[in-house]
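Worksheet for the structure shown next.
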Amino acid sequence: MICRSSFSLFFIAVALTVAGCSDTGGQPAPPSNNQTPEKASQQGADNADKHDSEPTHDSENAAGREDHADEESPDRVHLTPAQRSRLDIKVGKAGSGSATAVVSAPATVAFDSDRVARIGPRLSAKVLKVTADLGARVEAGDTVAILDSVALGQSKAAYLTAAARYQTRLAAYQRNKKLADDKIISEATLLESRAKYSQARAEREAARGELKLYGMNEAAIDNIGSNNGAPLSRYPLTTPMAGVVQQRDLVPGQSVSANETPIHVVDNSRMWVIIEADEQSLPRLQTGLTVKLTVRPLPDQAFTGTVDWISAELDAQSRTVRVRATVDNPDGVLKTGMFGTARIQTESERQFALVPIDAVQSMGERDIVFVPGDESGAFHAVPVKLGDEGGGQVEIRQGLNANDAVVTHGSFDLASAMTAGGRSAAHSH
């Protein structure tokens, strides 16, 4: 276990003793300046003899002494509200599992690549207006910018021409077919009419296909020419997925090429966690294992996820293997680039109470943890038998059960306060 130096423990104990004295009221005055230590000692002895020779009939004083003895029990510490406010003490529940079954490794939060859309035009265009700013929440199909493309305008015009030619050739073919049935025109004339109709249909489908390549759907193509006189070159840039605008590299008047993606939309309700696990843990790792993630900016929150990929490659320099897990992020508090620690719970049949290593303190030959008492500010030291350590956790084989309330942070301060109380009681006797 982590051992604290006696030197540090002594000074923290002295500080807490002084603080406790200031909180509980006045103490007997020290000897006056003109009184020597020998005289003060002799006077104290005389007072003690005099006190022993006098009978004690005050029941209230006797009760007070009994209460004081209880407060200074070697396995109990009681903090005043002022002392508690000065100490960073946190109480939680003991976990359950095996310390050696937990693989602890550094981790980095990243966007789920399957939930990122990089949006850009499919042909050269000029920006007229940006309709979705950074941080804006958008739905699939929403317009994020209005563009103007000469090439798109030309393609739309070509489609309108092809569509008109198709309608003309279709009508001519249908008319000639009736005439041929009535033997009014020859079969050769009908075949020529059919060939022109087939060509017009192919040209129209080719023009529609080109517009689809530029991102237009069937409904948008059918509406060309019926948009209240808007220029054919107008181009609404839309998002294919719902999410939040994470990147915007567009301004009105800017020219954008077909190979640029100036707007990024991300769905951050689920994030990736990239874990760098050491090679010794490889035999215990597999997909489907549960991961608990804590990040530095949010130390009091834990995020649960699942391992979904283990790399087949080992880093030659760090001798680590990259593991990926997915975690839910419904409130959006996890940000890409955050650093933290991932604890992977591997399969194990052993189940013990688990507490942070710093929750255990060594007092003489005993290992103890602190549990909250029935009263506010009261804590009891419970002797425990320790098991294996791993991943910042230690097994409690005896003395504490899983899900029991235990001091998870600040136990060293409580041990110092308990030591201060014990020294104060010894001094008073």
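The values are calculated or read from the model by the stated rules, or taken from the named source; none is laboratory data. Treat the numbers as computed from the prediction; the structure is a model and nothing was measured. Cβ: placed from backbone, ideal geometry, glycine included. Neighbour counts: every protein chain shown. Quick note on the areas: whole protein, heavy atoms, side chains included, nothing else; ligands and nucleic acids left out. Shrake-Rupley method; radii C 1.70, N 1.55, O 1.52, S 1.80 Å.
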Rounded to the nearest 20 debye, dipole of segment 200-262 from Cβ charges on Lys, Arg, Asp, Glu: 80
Karplus-derived 3J(HN,Hα), 6.51/-1.76/1.60, for each residue of segment 295-308, Hz, glycine and proline x: 10, 4, x, 10, x, 8, 10, 10, 10, 9, x, 9, 5, 10
Classify segment 225-270: rounded, prolate or oblate, from the alpha-carbon gyration tensor (a ≥ b ≥ c, eigenvalue square roots; a/c under 1.5 rounded; otherwise prolate if a/b is larger than b/c)? oblate
Want the number for LYS93 to ASP114: 0.36 nm per residue separation, take away the alpha-carbon distance, what's left? 3.9 nm
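Could you pull out the chymotrypsin sites (Phe, Trp or Tyr not before Pro) across segment 321-403 that fall in loop regions by DSSP (anything but H, G, I, E, B) with no more than 16 other Cβ atoms inside 10 Å?
On the way: sites: PHE339, PHE352, PHE370, PHE379; in loops: none.
Counting only loop positions with at most 16 other Cβ atoms within 10 Å, none of the chymotrypsin sites (Phe, Trp or Tyr not before Pro) in segment 321-403 qualifies.
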Can you tell me the accessible area per residue over segment 291-421, all protein chains present, probe 1.4 angstrom, in square angstrom? 50
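Carbon-plus-sulfur fraction of the accessible area of segment 298-429, 1.4 Å probe, in percent?
On the way: 3110 of 6890 Å².
The computed percentage sits at 45.
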Name the lysines eligible as straight-distance cross-link partners of LYS183: C-alpha to C-alpha under 22 Å, and not fewer than 8 places from it in the same chain. LYS196
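If you take the beta carbon distance between ILE274 and ARG86 as r and set R0 to 51 Å, what does 1/(1 + (r/R0)^6) give as a FRET efficiency, to the nearest 0.05? Don't jump to the answer; show the numbers that get you there.
Values: r = 40 Å, r/R0 = 0.77.
Result of the calculation: an efficiency of 0.80.
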Please list, in order along segment 185-197, the HN-Hα scalar couplings obtained from phi with the Karplus expression 6.51 cos²θ - 1.76 cosθ + 1.60 (θ = phi - 60°), rounded to whole Hz, x for Gly and Pro. 10, 7, 5, 5, 5, 5, 4, 5, 5, 5, 5, 5, 5
With the calculation restricted to Cα positions, what are the radius of gyration and Dmax of segment 228-314 in angstrom? 21.2, 69
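Could you report segment 178-283's accessible area per residue, 1.4 Å probe, as an integer in Å²? Please report the intermediate quantities before stating the final value.
On the way: 5980 Å² over 106 residues.
Roughly 56 Å² per residue, with all protein chains present.
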Given the pairs LYS90/LYS335; LYS93/LYS292; LYS93/LYS335; LYS129/LYS335; LYS126/LYS335; LYS292/LYS385, which span a C-alpha to C-alpha distance of over 22 angstrom in this model? LYS90/LYS335; LYS93/LYS335; LYS129/LYS335; LYS126/LYS335; LYS292/LYS385
What part of the accessible area of segment 148-282, given as a whole %, is carbon or sulfur when the probe is 1.4 angstrom? 51
Two-site FRET efficiency, THR336 against THR131, from Cβ-Cβ distance with R₀ of 22 Å, rounded to 0.05: 0.35
Check: C-alpha center segment 168-239 vs C-alpha center segment 312-379, spacing in Å is 67
Looks like segment 280-353, by Cα gyration tensor root eigenvalues a ≥ b ≥ c and the a/c under 1.5 rounded cutoff (else prolate when a/b is bigger than b/c, oblate otherwise), is oblate
What is the set of long-range amide H partners of THR408 at a cut-off below 5 Å, with H atoms built 1.01 Å from backbone N? LYS90, VAL91, GLY92
Using amide H atoms built in the peptide plane, which far-off residues or other-chain residues are under 5 Å from TRP309 H to H? ARG324
Karplus-derived 3J(HN,Hα) from phi for segment 135-144 (6.51 cos²θ - 1.76 cosθ + 1.60, θ = phi - 60°), whole Hz, x at Gly and Pro, runs x, 5, 8, 10, 10, 4, x, 5, 7, 9
